[in-house]
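Below: one structure, written as structure tokens.
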Amino acid sequence: MSDRRLTPANGRVAAAHLRGRVEAAQYVRGEARQVDVPVADLLDAPGGRRERQLVAGADVTVYETRQGWAFVQAAADGYVGYLPDAALRAPEAVTHRVAVRSTHLYPKPDFKTHETGTLSLGSRLQVVGEFGRFLETTRGFVPKVHLAPVDRRETDPVDVAERFLGTPYLWGGNSGFGIDCSGLVQVACLACGIACPGDSDMQEAGLGRTLAPDAPLQRGDLLFWKGHVAWVVDHVMILHANAHHMAVAFEGLEEAIARIAAQGDGPVTARKRLEDWP
């Protein structure tokens with residue numbers, strides 16, 4: 001059975017490549033769009049539950065627009081869901097990405113002016129000019145030190161994840177305004193050019209190679225529990241977005257394993273090593 005989260009079909013419409021594989025009243029090729037708000041909740045149904053989030057500049061394919069809601073598939077990981085149609089715009093060429101946890105947009109290249117918005121790490125922008133310490137984008141002016149060329153990959157996913165330290169825990173969150181365990185893994189992997197699905201069960205199934213239970217852990221390894229995932233910082237410390245701290249936090253490796261087991265969430269189910277890093 002296909003995974004609903006990755007299958008662009010809702011009964012009324014389906015992606016054209018699914019013809020003959022799923023039932024739908026209409027098969028369509030879809031339309032390319034981009035997220036036009038700082039962060040948009042990707043819902044399981046119109047007005048439904050948040051499953052993931054998409055940040056500004058994220059590419060999506062729209063398969064249906066109905067009663068103000070767009071049925072979309074995210075380009076970065078294939079996740080399917082619903083966004084407000086008003087949160088989308090025609091795509092533009094992207095040149096840079098936000099490389100810090102969050103940054104401000106300004107109406108002119110002056111940090112003493114009132115900011116007009118805030119963007120999360122991973123947001124994608126088109127730079128059209130340079131003014132001193134600022135880069136001008138089609139959305140406004142952004143401090144130059146907060147942006148990186150979109151094709152420049154990070155080299156350490158744990159370093160990226162550490163930029164979110166203290167970020168509030170948010171179920172389904174994918175941004176510097178709120179993030180969950182799988183969001184923290186995904187945003188760090190994508191910044192390093194490592195393909196990564198959105199939810200922890202898919203990450204456990206699809207990321208890296210499995211380590212033996214007694215294999216020494218190293219920075220960048222991943223630990224999985226049922227419904228949870230954490231970055232290994234070193235042989236004694238992990239970093240994860242979790243509901244115990246309600247934030248992205250460091251925690252002792254052995255202490256976390258014991259605490260999670262004691263609260264009834266079971267043992268570590270997998271220890272994985274990313275094959276694309278270092």
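Against the conditions (1) touching a helix residue (DSSP H, G or I) at 6+ places or on another chain (Cβ under 8 Å); (2) buried (at least 23 other Cβ atoms within 10 Å of the Cβ), where does Arg133 fall short? Just the number, please.
Of the numbered conditions (1) touching a helix residue (DSSP H, G or I) at 6+ places or on another chain (Cβ under 8 Å); (2) buried (at least 23 other Cβ atoms within 10 Å of the Cβ), the odd one out for Arg133 is (2).
Can you list the strands (runs of 3 or more DSSP E) lying wholly within the range 1-48 that have 3 or more residues being surrounded by 15 or more Cβ atoms within 10 Å (Cβ to Cβ), in contact with a Lys or Arg (Cβ under 7 Å, 6 or more places away or on another chain) and not aromatic (Phe, Trp, Tyr)?
39-43
Output the number of residues of the range 226-278 satisfying the condition of being of a type in the set (S, T, N, Q) and in contact (Cβ under 8 Å) with a residue 24 or more places away in the chain.
Count: 2.
Restricting attention to the range 72-85, does a residue exist that is crowded, with 16+ Cβ neighbours inside 10 Å and over 19 Å from the mean Cα position of the chain (by Cα)?
Among the residues of the range 72-85, at least one is crowded, with 16+ Cβ neighbours inside 10 Å and over 19 Å from the mean Cα position of the chain (by Cα), which makes the answer yes.
Only residues in the range 199-218 that are at pLDDT below 95 count as the first member; pair them with residues that are part of a helix (DSSP H, G or I), Cβ under 8 angstrom, at least 6 apart or cross-chain, and list the lot.
Listed by first residue and then by second, the contacts come to nothing, as the list is empty.
So, in the range 234-254, of the ones that are β-branched (Val, Ile, Thr) and more than 16 Å from Val187 (Cα to Cα), which residue ends up farthest from the chain's Cα centre (by Cα)?
Here the residue is Val236.
For the range 86-99, which positions are crowded, with 19+ Cβ neighbours inside 10 Å and in a helix (DSSP H, G or I)?
Ala87
The values are calculated or read from the model by the stated rules, or taken from the named source; none is laboratory data. These numbers come from a predicted model, not from an experiment. Every residue, glycine as well, gets a Cβ built from its backbone with ideal geometry; the counts of neighbours run over all protein chains shown.
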